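What follows is a single structure, written as structure tokens, with notes after it.
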Amino acid sequence: MKVRFIINPIAGRHSGRRGMVDEITDAVTRVFSGVSGLFEIKVSLSRDDAFRLSMEAAKRGYDTVFACGGDGTINAVASAIVNSGTSLGIIPAGSGGGLARALGIPLDAEKAMGVLLKGRVRRIDAGSADNGRFFFSTAGIGLDAAVSKRYGDWAKRRVRRGSSLSLPAVLKEYIFYRPGNLTVKWGGGNSLRARPLFFTVANTSGFGASAVIAPSAVPDDGLFDVCVAEPDGFLNALSMARRLFNGRIDRMERFKTIRTDAVEVDREGPGLLHVDGTVFEAGRTVTFRMLPKALGVWAF
């Protein structure tokens with residue numbers, strides 16, 4: 001057994017607490033005492049660093065790479081080992097954790113890494129956005145992208161923060177957000193014009209924390225749940241935001257779900273795109289494609 005642990009030492013919920021590197025090191029010693037194998041710990045200084053360390057491990061034939069951090073760290077590690085013989089392990093330490101929650105990964109570090117002893121490798125789907133940016137939970141070009149950008153700006157300034165998609169954060173960003181017109185195209189010549197508050201392509205049900213955008217989404221069925229939310233006015237938007245956090249947003253009249261393995265979106269111009277909460281600038285046209293069963297993940 002060859003396992004590499006890649007640690008983001010400043011992941012959200014560990015900020016200001018006991019050093020995460022020490023915590024993971026001690027947990028590895030306790031959990032794998034007497035287990036034959038190589039258990040290697042690396043510290044990631046950036047998203048690019050996490051990607052490089054993960055790809056290096058895959059090329060060297062490691063069985064598993066654990067991502068120890070938030071959604072950004074998990075996405076970077078998983079993106080490096082898609083379609084490889086190396087499986088992903090998750091020790092959730094950020095404030096979101098959409099993929100970890102969907103797979104039932106415990107927040108406790110020892111319990112999370114204990115999946116190697118008591119769990120199994122589950123093959124899940126991966127999404128590709130904007131010609132090659134992978135995502136495993138959600139991607140989007142609506143209000144969720146704007147909120148993720150604000151959260152990322154806070155992180156760069158080391159501002160203490162809670163969940164990126166908390167209800168107050170969503171409502172605050174809503175005040176400044178201006179939806180744009182979209183043309184959505186998917187299989188069989190289907191198309192839809194919309195001016196959505198949320199346009200989210202979901203492989204799992206939620207963004208993380210308690211925000212559930214696609215209650216019926218599962219990560220291994222070969223299909224996205226494309227969520228288009230068009231609230232009419234502030235009161236409707238407020239109701240939609242509340243339902244986002246109680247798991248009933250799909251019951252809204254102006255909420256539509258499209259189930260497909262590929263979708264193309266034309267918008268008014270270039271803008272933001274988030275993949276698992278990490279935000280990029282993308283062009284006017286963004287294409288999302290499904291890669292079925294592309295990633296092996298340890299789960300219980």
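Being of a type outside the set (A, V, I, L, M, F, W, C), more than 15 Å from GLY94 (Cβ to Cβ) and part of a strand (DSSP E or B), is that true of even one residue in the stretch 48-63? Walk me through it before giving the result.
So in the stretch 48-63, the residues of a type outside the set (A, V, I, L, M, F, W, C) come out as 48-49, 52, 54, 56, 59-63.
Keeping just the survivors that are more than 15 Å from GLY94 (Cβ to Cβ) gives 48-49, 52, 54, 56, 59-63.
Still in the running and part of a strand (DSSP E or B): none.
The answer is no, given that none of the residues of the stretch 48-63 is of a type outside the set (A, V, I, L, M, F, W, C), more than 15 Å from GLY94 (Cβ to Cβ) and part of a strand (DSSP E or B).
Restricting attention to the stretch 48-55, does a residue exist that is in contact with a Gly (Cβ under 7 Å, 6 or more places away or on another chain), in contact (Cβ under 8 Å) with a residue 24 or more places away in the chain and under 19 Å from HIS274 (Cβ atoms)? So far as the stretch 48-55 goes, no, none of its residues is in contact with a Gly (Cβ under 7 Å, 6 or more places away or on another chain), in contact (Cβ under 8 Å) with a residue 24 or more places away in the chain and under 19 Å from HIS274 (Cβ atoms). Of everything in the stretch 228-253, what is within 10 Å of LEU197 (Cα to Cα) and not in a helix (DSSP H, G or I)? Give them in sequence order. Listed by number, the residues that qualify are VAL228, ALA229, GLU230, PRO231, ASP232. Candidates are the residues of the stretch 186-216 that are assigned to a loop (DSSP other than H, G, I, E, B) and free of Cβ contacts under 8 Å to residues at least 60 places away in the same chain; the one that is nearest to the chain's Cα centre (by Cα) is SER210. Of the listed requirements (1) outside any helix (DSSP H, G or I); (2) surrounded by fewer than 24 Cβ atoms within 10 Å (Cβ to Cβ), PHE66 misses just one: (2). Only one of the listed residues (GLY119, GLY132, GLY94) is at pLDDT below 90, crowded, with 16+ Cβ neighbours inside 10 Å and not β-branched (Val, Ile, Thr). That residue is GLY94.
Taking each residue of the stretch 240-251 that is in contact (Cβ under 8 Å) with a residue 60 or more places away in the chain and looking for partners that are of a type in the set (S, T, N, Q) and surrounded by 15 or more Cβ atoms within 10 Å (Cβ to Cβ) with beta-carbon atoms closer than 9 Å, six or more apart or interchain, yields LEU244/SER210; PHE245/SER166; PHE245/SER210. If you go through the stretch 156-184 and keep only what is buried (at least 16 other Cβ atoms within 10 Å of the Cβ), in contact with a strand residue (DSSP E or B) (Cβ under 6 Å, 6 or more places away or on another chain) and modelled with pLDDT of 75 or more, you end up with LEU182, VAL184.
The values are calculated or read from the model by the stated rules, or taken from the named source; none is laboratory data. This structure is a prediction, so every number in the text was calculated from the model and none was measured. Neighbour counts run over all protein chains shown; Cβ positions are idealised from the backbone, glycine included.
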